[in-house]
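One structure is given below, encoded as structure tokens.
The values are calculated or read from the model by the stated rules, or taken from the named source; none is laboratory data. None of the values given here were measured: they were computed from a predicted structure. Every residue, glycine among them, receives a Cβ derived from its backbone with ideal geometry; neighbour counts consider all protein chains shown. Ligands, DNA and RNA are stripped out before the accessible areas are found, and what is left, the full protein with its side chains, is counted by its heavy atoms. Shrake-Rupley method; radii C 1.70, N 1.55, O 1.52, S 1.80 Å.
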Amino acid sequence: MHPHRVRPARAYVLPALAAVAALALAACSATASGEASAAGTTTPSGDFPVTLDNCGFETEVAAPPERVVTIKSSTTEMLLALGLGERIVGSAFLDGPVPDSLETVPAVEEPFADEAPGSEATLALEPDLVYAGWESNLTAETAGDRETLARLGVATYVSPAACKEDGYMPDPLTFETVFDEIEEVGALFDAEDAAARLVAEQRAGLDAIEPDDRGLTALWWSSGDDTPYVGAGIGAPQMIMEAAGLTNVSADVHDTWTSLGWENVIEADPDVLVLVDAAWNPADAKIETLESNPATRELTAVKEERYVVVPFPATEAGVRNVDAVASVVDQLADLAL
């Protein structure tokens, strides 16, 4: 989870779940048998039901999900990249626009919630699966806790890269973890061929990248002003920087992201600053902060304007990570060093 992105969602108590339980159960009945339905569901070619150990929770789908709610850009873009966009009946908590390379759908173009959705709004869409980017998206205060949703016939799946429990949290996150998720989602949706093609494309794209070989150090500034929130040693920022040939000055912190005092940044004096561009904390604002502060404007990277910008949706594990590496390498090549 990326704590500085969490915003309070409208809270719904558990009685609200019961009020819409019939809607959720009706949605699942159309796909439980895997037979053709009025909505166009067809008999799956794979082996169903599919059962997965997902962040320590048993996720089971009796047939390929036909009505999916996605929470976070990473999950939404995963389904779009697999050609499963028409299965999305509602998207929420998107971190930025969908890239032009992905064909979008109305449910993504008009998210039903700008933040983590509540259970009532989620269940009103009659999903048979909720696919979440963070474990915190599936609680009693957000879309509904996983056990309750399961009792209502709604399966849940969390991006494995976001698992926090011991034995489930990637340590460190690698591209193999990302590729494994693509294949796992392919299995859930009876889309193994599409998943295999996507993984092959991603592997080829990653293999084609020539990392920067100048031994540059870098700080990944994700969010925060008074105290920057930066990429640490085992998450997506580390994975992207390492693949791009950068040495993360916070790599010794055993976490995905971490708070780092400005005095530590100044002491590290990284060669390059990787700035995350987010709607709520844009890269331009970060640059203004760096160049206006008497201390940080003396950083080598600030004086030389060695900035690399990465859009927020590409900074969490997902189908945009390979492109993020390529973009970082291209931007590094343009810097005066």
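Couple of notes before you dig in:
- Helix-only CD estimate at 222 nm, as mean residue ellipticity for the chain, using -39500 (n - 2.57) per DSSP H run (n ≥ 4): -9500 deg cm²/dmol
- Computed over neighbours whose Cβ is under 12 Å from that of residue 295, the net charge equals -4, Lys and Arg +1, Asp and Glu -1.
- Ordering of 195-202, 47-54 by burial proxy (mean other Cβ atoms within 10 Å per residue, highest first): 195-202, 47-54
- Rounded accessible area of residue 55 (nearest 10 Å², 1.4 Å probe): 10
- Given R0 = 22 Å, the distance between the Cβ atoms of residue 284 and residue 333 translates into a calculated FRET efficiency of 0.50.
- Placing unit charges on the Cβ atoms only, positive for Lys and Arg and negative for Asp and Glu, gives the chain a dipole magnitude near 720 debye about its Cα centre.
- When both the range 69-126 and the range 161-237 are represented by their alpha-carbon centers, they are found 20 Å apart.
- Rounded to the nearest 5, the antiparallel percentage of DSSP beta bridges internal to the range 206-337 is 35%.
- Within the same chain, lysines fewer than 8 places from residue 164 are excluded, and of the rest, those with a Cα less than 30 Å from its Cα are 72, 286.
- Per-residue extension of 0.36 nm, minus the Cα-Cα distance of residue 203 and residue 268, leaves a gain of 20.1 nm for this segment.
- For the range 168-264, a crude dipole built from +1 on the beta carbon of Lys and Arg and -1 on the beta carbon of Asp and Glu, taken about the Cα centre, is about 260 debye to the nearest 20.
- Approximating the spin labels as points 7 Å out from Cα along Cα→Cβ, the residue 213-to-residue 165 distance works out to 4.5 nm.
- Shape category assigned to the range 288-337 from the gyration tensor of Cα positions, a/c cut at 1.5: oblate
- Cα gyration tensor shape of the chain, rounded if a/c is under 1.5, else prolate or oblate by comparing a/b with b/c: prolate
- Residues residue 101 and residue 151, FRET efficiency given R0 of 45 Å [Cβ-Cβ distance, rounded to 0.05]: 0.70
- Our estimate of slack between residue 112 and residue 53, defined as 0.36 nm per intervening residue step minus the Cα-Cα distance, is 18.4 nm.
- Listed residue (182, 195, 215) projecting farthest to the positive dipole end of the range 173-216, Cβ model: 215
- Where 303, 72 fall by accessible area, highest first, once all protein chains stay in place (1.4 Å): 303, 72
- Extending 7 Å from the Cα toward the beta-carbon at both residue 305 and residue 258 defines two label points whose distance is 3.3 nm.
- Ranked order, 320, 203 - accessible area, probe 1.4 Å, largest first: 203, 320
- Dipole axis of the chain (+1 Lys, Arg; -1 Asp, Glu on Cβ), positive-most option in 278, 296, 244: 278
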